[in-house]
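A short write-up of the structure that comes next.
The values are calculated or read from the model by the stated rules, or taken from the named source; none is laboratory data. Since the structure is predicted, the reported quantities are computational estimates derived from the model, not experimental observations. Cβ sites come from the backbone with ideal geometry, for glycine too, and all protein chains shown count toward neighbours.
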Amino acid sequence: MKILNGSNPSAIGEKGFTLIEVMIAMGVFAIGILAVASMQITASQGNRSARLQTEAVTRASECMENLVNQGYSDITDGSDTQGEINLSWTVADDTPITDIRTVTVTATWNDRGGTRNADFSYIIFDSED
(Lines give C-alpha, C1' and ligand atoms only; values in the text may rest on other atoms or scores of the structure.)
Protein backbone atom coordinates (compact mmCIF):
# COMPACT_ATOMS: atom_id res chain seq x y z
CA MET A 1 0.00 0.00 0.00
CA LYS A 2 1.29 3.37 -0.98
CA ILE A 3 0.89 6.23 1.54
CA LEU A 4 1.35 9.86 0.59
CA ASN A 5 2.23 12.55 3.04
CA GLY A 6 -0.96 14.08 4.56
CA SER A 7 -3.35 13.17 1.78
CA ASN A 8 -6.27 10.80 1.66
CA PRO A 9 -5.22 7.81 -0.41
CA SER A 10 -8.83 6.88 -1.35
CA ALA A 11 -9.50 10.30 -2.99
CA ILE A 12 -6.52 10.21 -5.33
CA GLY A 13 -7.41 9.23 -8.88
CA GLU A 14 -11.16 8.79 -8.26
CA LYS A 15 -13.46 9.99 -10.99
CA GLY A 16 -17.14 10.89 -10.74
CA PHE A 17 -19.60 13.73 -10.42
CA THR A 18 -19.77 16.31 -7.70
CA LEU A 19 -23.01 17.05 -5.91
CA ILE A 20 -23.44 20.38 -7.72
CA GLU A 21 -23.07 18.69 -11.13
CA VAL A 22 -25.73 16.14 -10.21
CA MET A 23 -28.08 18.90 -8.98
CA ILE A 24 -27.65 20.91 -12.19
CA ALA A 25 -28.26 17.80 -14.31
CA MET A 26 -31.42 17.02 -12.35
CA GLY A 27 -32.66 20.59 -12.86
CA VAL A 28 -32.09 20.43 -16.63
CA PHE A 29 -33.82 17.04 -16.76
CA ALA A 30 -36.81 18.35 -14.78
CA ILE A 31 -37.22 21.34 -17.12
CA GLY A 32 -37.16 18.98 -20.11
CA ILE A 33 -39.78 16.68 -18.58
CA LEU A 34 -42.05 19.66 -17.82
CA ALA A 35 -41.74 20.85 -21.42
CA VAL A 36 -42.71 17.40 -22.73
CA ALA A 37 -45.70 17.26 -20.36
CA SER A 38 -46.84 20.69 -21.55
CA MET A 39 -46.59 19.59 -25.19
CA GLN A 40 -48.61 16.46 -24.39
CA ILE A 41 -51.41 18.52 -22.84
CA THR A 42 -51.49 20.88 -25.84
CA ALA A 43 -51.58 17.93 -28.27
CA SER A 44 -54.42 16.34 -26.33
CA GLN A 45 -56.46 19.57 -26.47
CA GLY A 46 -55.79 19.88 -30.19
CA ASN A 47 -56.96 16.30 -30.75
CA ARG A 48 -60.18 16.98 -28.84
CA SER A 49 -60.85 20.11 -30.90
CA ALA A 50 -60.26 18.24 -34.14
CA ARG A 51 -62.51 15.37 -33.03
CA LEU A 52 -65.36 17.74 -32.12
CA GLN A 53 -65.06 19.64 -35.39
CA THR A 54 -65.04 16.43 -37.43
CA GLU A 55 -68.03 15.10 -35.51
CA ALA A 56 -69.95 18.37 -35.96
CA VAL A 57 -69.31 18.56 -39.70
CA THR A 58 -70.22 14.89 -40.17
CA ARG A 59 -73.49 15.23 -38.24
CA ALA A 60 -74.41 18.44 -40.09
CA SER A 61 -73.74 16.73 -43.41
CA GLU A 62 -75.89 13.73 -42.41
CA CYS A 63 -78.66 16.09 -41.28
CA MET A 64 -78.56 17.94 -44.60
CA GLU A 65 -78.74 14.64 -46.49
CA ASN A 66 -81.78 13.55 -44.48
CA LEU A 67 -83.53 16.88 -45.07
CA VAL A 68 -82.89 16.85 -48.81
CA ASN A 69 -84.21 13.28 -49.07
CA GLN A 70 -87.52 14.26 -47.39
CA GLY A 71 -88.81 16.06 -50.44
CA TYR A 72 -89.44 19.70 -51.24
CA SER A 73 -92.76 20.20 -49.43
CA ASP A 74 -91.89 18.14 -46.32
CA ILE A 75 -88.85 20.12 -45.18
CA THR A 76 -89.47 22.37 -42.15
CA ASP A 77 -87.32 24.25 -39.64
CA GLY A 78 -86.05 22.28 -36.66
CA SER A 79 -83.26 21.44 -34.26
CA ASP A 80 -81.62 18.44 -32.61
CA THR A 81 -78.91 17.77 -30.02
CA GLN A 82 -76.54 14.87 -30.54
CA GLY A 83 -74.00 14.55 -27.74
CA GLU A 84 -71.97 17.74 -27.55
CA ILE A 85 -73.24 18.94 -30.95
CA ASN A 86 -76.33 21.11 -31.38
CA LEU A 87 -77.87 21.06 -34.85
CA SER A 88 -80.41 23.56 -36.15
CA TRP A 89 -81.80 24.04 -39.62
CA THR A 90 -83.85 26.72 -41.30
CA VAL A 91 -85.77 26.65 -44.55
CA ALA A 92 -86.18 29.85 -46.57
CA ASP A 93 -88.96 29.67 -49.18
CA ASP A 94 -88.60 31.27 -52.62
CA THR A 95 -84.97 32.13 -51.96
CA PRO A 96 -83.17 33.15 -54.10
CA ILE A 97 -85.99 32.77 -56.68
CA THR A 98 -89.53 31.39 -56.85
CA ASP A 99 -90.02 27.63 -56.31
CA ILE A 100 -86.59 27.36 -54.69
CA ARG A 101 -85.92 26.64 -51.02
CA THR A 102 -82.63 27.32 -49.29
CA VAL A 103 -81.92 24.94 -46.42
CA THR A 104 -79.23 26.01 -43.93
CA VAL A 105 -77.92 23.56 -41.34
CA THR A 106 -75.84 24.94 -38.47
CA ALA A 107 -73.80 22.74 -36.14
CA THR A 108 -72.74 24.39 -32.87
CA TRP A 109 -70.40 23.10 -30.16
CA ASN A 110 -68.33 24.45 -27.26
CA ASP A 111 -64.57 24.20 -27.49
CA ARG A 112 -61.70 25.84 -25.58
CA GLY A 113 -63.93 28.31 -23.79
CA GLY A 114 -65.76 29.48 -26.91
CA THR A 115 -68.63 28.51 -29.15
CA ARG A 116 -67.76 27.15 -32.59
CA ASN A 117 -70.10 26.57 -35.48
CA ALA A 118 -70.23 25.18 -39.01
CA ASP A 119 -72.88 26.26 -41.51
CA PHE A 120 -74.03 24.39 -44.61
CA SER A 121 -76.49 25.70 -47.20
CA TYR A 122 -78.25 23.77 -49.92
CA ILE A 123 -80.65 24.97 -52.58
CA ILE A 124 -83.57 22.69 -53.47
CA PHE A 125 -85.90 23.26 -56.39
CA ASP A 126 -89.52 22.16 -56.56
CA SER A 127 -89.44 19.09 -58.79
CA GLU A 128 -92.87 17.94 -57.63
CA ASP A 129 -94.76 20.29 -59.98
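Which of the residues that make up segment 54-78 are surrounded by 12 or more Cβ atoms within 10 Å (Cβ to Cβ) and outside any helix (DSSP H, G or I)?
Within segment 54-78, 71, 75, 78 qualify.
So how many residues does segment 68-77 have that are over 17 Å from residue 125 (Cβ atoms) and either in contact (Cβ under 8 Å) with a residue 40 or more places away in the chain or of a type in the set (Asp, Glu) (or both)?
Total meeting the criteria: 1.
Give all pairs with beta carbons closer than 6 Å in which a residue from segment 35-60 that is in contact (Cβ under 8 Å) with a residue 12 or more places away in the chain and closer than 20 Å to residue 105 by Cβ meets a residue that is surrounded by 12 or more Cβ atoms within 10 Å (Cβ to Cβ) and of a type in the set (Phe, Trp, Tyr); count only pairs at least 6 apart in sequence or on separate chains.
That search, which allows pairs on different chains as well, returns 52/109; 56/109; 60/120.
Condition check ((1) in contact (Cβ under 8 Å) with a residue 60 or more places away in the chain; (2) out of contact with any helix residue (DSSP H, G or I) (no Cβ under 6 Å at 6 or more places or on another chain); (3) polar (S, T, N, Q)) across all residues:
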| position | (1), (2), (3) |
| --- | --- |
| 66 | no, yes, yes |
| 79 | no, yes, yes |
| 92 | no, yes, no |
| 95 | no, yes, yes |
| 103 | no, no, no |
| 115 | no, yes, yes |
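Looking at segment 82-95, is at least one residue more than 22 Å from the chain's Cα centre (by Cα), of a type outside the set (S, T, N, Q), surrounded by fewer than 14 Cβ atoms within 10 Å (Cβ to Cβ) and at pLDDT below 95?
Yes, the conditions are met somewhere in segment 82-95.
Exactly one condition in (1) at pLDDT below 95; (2) assigned to a strand (DSSP E or B) is not met by residue 46; state its number.
The one condition residue 46 does not meet is (2).
Would you mind stating whether residue 97 is of a type in the set (A, V, I, L, M) and not in a helix (DSSP H, G or I)?
So residue 97 passes the test.
If I ask for residues that are part of a loop (DSSP other than H, G, I, E, B) and under 27 Å from residue 55 (Cβ atoms), which ones from segment 100-129 would you list?
Residues satisfying the conditions are 112, 113.
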